[in-house]
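Below: one structure, written as structure tokens.
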Amino acid sequence: MTRITVAKGDGIGPEIMDATLAILKAAGAALEIDEIEVGEKVYLSGNTSGIAEDSWEIIRRNKVFLKAPITTPQGGGYKSLNVTTRKFLGLYANVRPCTALSPFVQTKHPEMDIVIIRENEEDLYAGIEHQQTDEVVQCLKLISRPGCEKIIRYAFEYAKTYGRKKVTCFTKDNIMKQSDGLFHQVFDEIAKEYPEIENEHWIIDIGAAKMADTPEAFDVIVTLNLYGDVLSDVAAQIAGSVGLAGSANIGEECAMFEAIHGSAPRRAGQNMANPSGLLHGAIMMLNHLGQNEIAEKVHNAWLKTIEDGVHTYDIYKEGSSKTKVGTKEFAEAVINNLGETPMRLKKASYPKNAALNLPKYSRKPAKNKELVGVDLFVHWSGSDPKQLAEMLKPLNNGSAQLTMITNRGIKVWPDGFSETFCTDHWRCRFKPESGKLFFKNKIIGLLSTAIDEKIDVVKTENLYEFDGKAGYSLGQGQ
Ligand code: NAD
């Protein structure tokens with residue numbers, strides 16, 4: 001028996017959770033359940049995180065959490081429970097299988113069978129944002145080597161364990177050479193450790209277009225947080241229905257399983273909702289717990305039910321469906337099919353040891369890190385970069401000179417184009433003469449002179465080389 005934590009959530013949550021748990025029980029899943037309350041009621045009781053302290057303790061003790069969708073109340077101040085749970089528990093991998101069920105559920109892509117593995121903790125989702133000038137706000141995109149290694153290794157181990165043939169990496173490293181570049185570089189490094197699995201890299205824009213058009217060209221896709229967020233909803237939708245997909249959120253210690261859809265409040269309490277998304281989350285949970293035979297049994301009974309044309313309203317189609325059923329009746333049909341396998345759809349089959357055991361990240365030896373200059377970001381509402389360069393002249397000294405000004409990344413001085421549109425946010429790069437060293441205390445000198453000259457520096461970024469390789473971007477057009 002494994003103790004798990006269950007939250008029935010809001011809206012259609014309780015109905016689809018009851019249906020899912022009834023199927024798991026009938027299939028013989030070895031589970032003991034601790035139920036906790038999360039979501040709307042908790043939010044409205046004045047707890048802005050949507051979950052009580054003692055519920056966290058239960059989740060952390062049991063380590064495995066099956067969660068129905070919740071309603072985040074309208075209005076500001078409520079924190080997303082999903083984002084908090086992922087981050088607090090270090091659930092770095094979001095896994096979403098998207099498989100067509102043609103001809104029983106309509107799709108333009110009958111051969112589609114992909115798994116999207118999305119990095120779940122980093123990227124623009126760190127939520128570190130600042131307004132720096134009247135016109136410009138920034139959001140920090142943080143990508144770490146441990147973050148990249150963990151998710152990419154997870155993708156290859158997943159492919160190996162589940163008998164998948166290829167892992168495709170999606171990034172935009174032609175533009176974001178440092179951040180997406182690191183993800184791509186780590187992908188190439190780790191791919192070498194799995195010679196039996198094919199690997200490839202696509203630029204995200206054309207890759208996403210290809211996936212929407214020809215999803216059968218892909219198998220496992222691994223990508224960064226934001227791209228994965230968008231891509232996985234597209235994939236679920238084109239496979240047939242967002243209402244059918246489940247998702248696993250996996251960490252080194254804990255894991256959370258759920259449907260990808262929301263709480264559909266308009267359908268609540270009417271015995272209408274399709275429990276399939278949450279059931280798929282539960283199937284992934286059984287595999288994670290090593291109960292692969294039960295996972296197979298539930299999945300095949302579910303496939304048989306879909307094949308029998310027993311459908312809830314959201315996938316019911318006159319002609320191809322046979323019986324329109326409610327949530328409870330759908331669950332009963334799946335229970336009646338336990339032990340059966342589908343005739344036309346591909347039978348589900350899961351490996352014995354599907355729980356992936358990944359090594360913990362081990363920190364690499366530190367590189368030789370050398371400070372080679374500094375970018376001062378300046379709030380200035382003028383328009384001619386030459387004038388700004390003139391204003392910055394007093395900052396030039398024996399230790400560092402102004403070498404470049406960019407506006408939104410584009411080089412505007414020296415030799416800019418008069419056509420380039422400029423905002424009030426300027427990156428001014430100071431470097432020592434070539435061959436000379438630059439020291440951190442010189443930055444204080446630059447800032448101090450800037451204050452004297454009434455130049456509004458809104459932030460600085462140090463420019464480093466790591467083992468002689470530039471760890472910063474050049475100006476566009478430089
Ligand atoms: P939703 O996914 O709840 O609903 C979108 C549409 O799909 C609706 O027409 C709904 O009726 C239908 N639908 C969804 N799930 C269904 C199911 N199982 N069976 C049949 N039909 C289904 O998205 P929404 O309306 O944008 O959001 C409603 C609430 O859910 C919001 O409060 C939102 O914050 C929350 N939400 C929660 C989660 C989560 O807890 N993981 C995820 C997304 C949205």
Inset, instruction - Show the residue pairs that are 6+ apart or on different chains and have beta-carbon atoms under 8 Å apart, the first residue being within segment 431-453 and under 21 Å from L474 (Cβ atoms), the second being open to solvent by less than 100 Å² (accessible area, probe 1.4 Å) and modelled with pLDDT under 90. - result: K431/F438; P432/S399; P432/F438; K436/S399; F438/S399
Inset, instruction - Have a look at S320, S276 and point out the one that is within 15 Å of the ligand (Cβ to nearest atom) and small (G, A, S). - result: S276
Inset, instruction - Give me a count of the residues in segment 53-79 that are within 28 Å of N274 (Cα to Cα) and within 16 Å of the ligand (Cβ to nearest atom). - result: 14
Legend entry - Every pair of residues 6+ apart whose Cβ atoms lie under 7 Å, when the first sits in segment 375-400 and is assigned by TED's automatic domain parsing to the domain that holds E465 and surrounded by 13 or more Cβ atoms within 10 Å (Cβ to Cβ) while the second is of a type in the set (V, I, T) and part of a helix (DSSP H, G or I): L395/T449
Legend entry - From D213, D229, residue being touching a residue at least 24 places away in the same chain (Cβ under 8 Å) and closer than 30 Å to Y316 by Cα: D229
Legend entry - Output for segment 352-364, where each listed residue is open to solvent by 100 Å² or more (accessible area, probe 1.4 Å) and either modelled with pLDDT of 95 or more or charged (D, E, K, R) (or both): K352, K360, R363
Legend entry - Any pair with Cβ under 6 angstrom, 6 or more apart, that starts in segment 302-321 at a residue that is under 17 Å from G246 (Cα atoms) and open to solvent by 10 Å² or more (accessible area, probe 1.4 Å) and ends at one that is part of a helix (DSSP H, G or I) and within 15 Å of the ligand (Cβ to nearest atom): D314/G243
Inset, instruction - Can you confirm whether segment 239-247 contains a residue that is closer than 18 Å to I151 by Cβ and open to solvent by less than 60 Å² (accessible area, probe 1.4 Å)? - result: yes
Inset, instruction - Working only within segment 287-320, note down all residues that are of a type outside the set (F, W, Y) and closer than 20 Å to E15 by Cα. - result: V298, H299, A301, T305, I306, V310, H311, T312, D314, I315
Legend entry - Scan of segment 19-41 for residues that are under 26 Å from the mean Cα position of the chain (by Cα) and open to solvent by less than 20 Å² (accessible area, probe 1.4 Å), ordered by number: T20, I36, V38, G39
Legend entry - F170 vs. criteria in a helix (DSSP H, G or I), in contact with a helix residue (DSSP H, G or I) (Cβ under 8 Å, 6 or more places away or on another chain) and open to solvent by less than 20 Å² (accessible area, probe 1.4 Å): no
Legend entry - Checklist (1) closer than 30 Å to F417 by Cβ; (2) open to solvent by 50 Å² or more (accessible area, probe 1.4 Å); (3) not in a helix (DSSP H, G or I) applied to S349, failing item: (1)
Inset, instruction - May I ask you to verify whether S45 is open to solvent by less than 30 Å² (accessible area, probe 1.4 Å) and away from the ligand (no atom under 14 Å from the Cβ)? - result: no
Inset, instruction - Filter segment 131-141 down to residues that are open to solvent by 60 Å² or more (accessible area, probe 1.4 Å) and touching a residue at least 24 places away in the same chain (Cβ under 8 Å), then give me how many there are. - result: 2
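The values are calculated or read from the model by the stated rules, or taken from the named source; none is laboratory data. None of the values given here were measured: they were computed from a predicted structure. Reconstructed Cβ throughout: ideal geometry from the backbone, glycine too, with neighbour counts over all protein chains shown. For accessibility, only protein heavy atoms count, side chains too; no ligands or nucleic acids. Shrake-Rupley method; radii C 1.70, N 1.55, O 1.52, S 1.80 Å.
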